[in-house]
1. All but one of (1) part of a helix (DSSP H, G or I); (2) closer than 22 Å to Ala25 by Cα; (3) among the basic types (Lys, Arg) hold for Arg233; which doesn't?
2. Within segment 183-195, how many residues turn out to be out of contact with any Pro (no Cβ under 8 Å at 6 or more places or on another chain) and either crowded, with 16+ Cβ neighbours inside 10 Å or part of a helix (DSSP H, G or I) (or both)?
3. Is there a residue being at pLDDT below 95 and more than 26 Å from Gly187 (Cβ to Cβ) anywhere in segment 120-133?
4. With the requirement that a residue be of a type outside the set (D, E, K, R) and at pLDDT below 95, what does segment 69-87 give you?
5. For segment 152-178, which positions are surrounded by 13 or more Cβ atoms within 10 Å (Cβ to Cβ) and not in a helix (DSSP H, G or I)?
6. Need pairs with beta-carbon distance below 6 Å; first residue more than 12 Å from Ala28 (Cα to Cα) and within segment 55-76, second among the hydroxyl-bearing types (Ser, Thr, Tyr) and not in a loop (DSSP other than H, G, I, E, B); sequence gap 6+ or separate chains.
7. List pairs: first in segment 123-152 and under 15 Å from Ala79 (Cβ atoms) and free of Cβ contacts under 8 Å to residues at least 60 places away in the same chain, second aromatic (Phe, Trp, Tyr) and assigned to a loop (DSSP other than H, G, I, E, B), Cβ under 9 Å, 6+ apart or cross-chain?
8. Those residues that are surrounded by fewer than 16 Cβ atoms within 10 Å (Cβ to Cβ), among the small types (Gly, Ala, Ser) and outside any helix (DSSP H, G or I), I need them from segment 269-298; list them, please.
Amino acid sequence: MTALDQRRFLFVTGKGGTGKTTMTATLAVALAERGRRVLIAASEPKERISELFGVAPIGGDISSVATNIFAVKISPEAALREYGEMILRSRTVYNAVFGNKYVKGFFAAVPGLHQWAILGKAWFHSTETDANGRPRFDVVLFDAPATGHGLDMLRVPKVIVDVVPPGILRRDAERAWTMFQNPAESGVVIVALPEEMPASESIELAEAITTELRLPIATVIVNQVIDALFDVRERAELAKPQNLAAGDPADDAVAVARRRAATETVQADALERIGNGIAANLVRIPRQLEYPSDPASIRGLAKILGAALFGARA
């Protein structure tokens, strides 16, 4: 399978609260440090990319957020307008057609159209070229919606390819779907936590991606992994019932150790389940003392992620 830093489009998703957007920004920095020109396409109504890079809020126009890293916020309405103008090649004609209230009502009633507008625009940026015919961006990182909505969004181009009659809409969906299926060009990045529910949801997501949609999984990033202080035998011993006296410093220390051991047991089980349940490279990101929320913390995480994905740089 093609190395992650050689792919043109990466779809980043995962259960809500796993740090999906943080890992998207971290991956962008890791790729940019390898000389790749990266575009982050944000799809959530409230974007956090600007906070993570310490820049002004991201809008509908592509803007630079760091060296070799650019970002754009995609809304379905703006994406549909841009798509319509490209097809009709005239803003006047577009306004006449798409400004009609009946046309607007029709678009609002078409299942998946707004999802395709967002995903399709993100994909379109991976096909753009400059004046010399070279790719405008080396890779597009699509900060996709969380698990369920992200999976629904991935289903849309396949549905268009399967049921929509030949035409411009189907043509572009076919081109995008062909790229998404090609592991040399694209892949899904799943972000998880080493906990029971995120692990289960990630495995179910991976199953749907690989069996239903037959799309490649590029990697699985397990975020907020803690170092193990106890081995399996010690965790089992600490899990046994014990009579602890409240307020006794020694017993308080044992209680803390028991809680830590229980957390480690849950984590070990989750990591084993993800490793066995998803046939993809698994990367572990250690838990940080402070929640990553600024450029410095993202750069620090990028060194860890980059080393795990690509090894030491030559």
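1. Against the list (1) part of a helix (DSSP H, G or I); (2) closer than 22 Å to Ala25 by Cα; (3) among the basic types (Lys, Arg), Arg233 comes up short only on (2).
2. Residues in segment 183-195 being out of contact with any Pro (no Cβ under 8 Å at 6 or more places or on another chain) and either crowded, with 16+ Cβ neighbours inside 10 Å or part of a helix (DSSP H, G or I) (or both): 7 in total.
3. Within segment 120-133 (the criterion being at pLDDT below 95 and more than 26 Å from Gly187 (Cβ to Cβ)), the answer is yes, since at least one residue qualifies.
4. Ile74, Ser75, Pro76, Ala78, Ala79, Leu80, Tyr83, Gly84, Met86, Ile87
5. Result: Val164, single match.
6. From segment 55-76, the pairs are Pro57/Ser50; Ile58/Ser50.
7. That search, which allows pairs on different chains as well, returns Glu128/Phe137.
8. Ala279, Ser293
The values are calculated or read from the model by the stated rules, or taken from the named source; none is laboratory data. A quick note: this is a predicted structure, and the numbers were derived from the prediction, not measured. Glycine also receives a Cβ, built like all others from the backbone with ideal geometry; neighbour counts cover every protein chain displayed.
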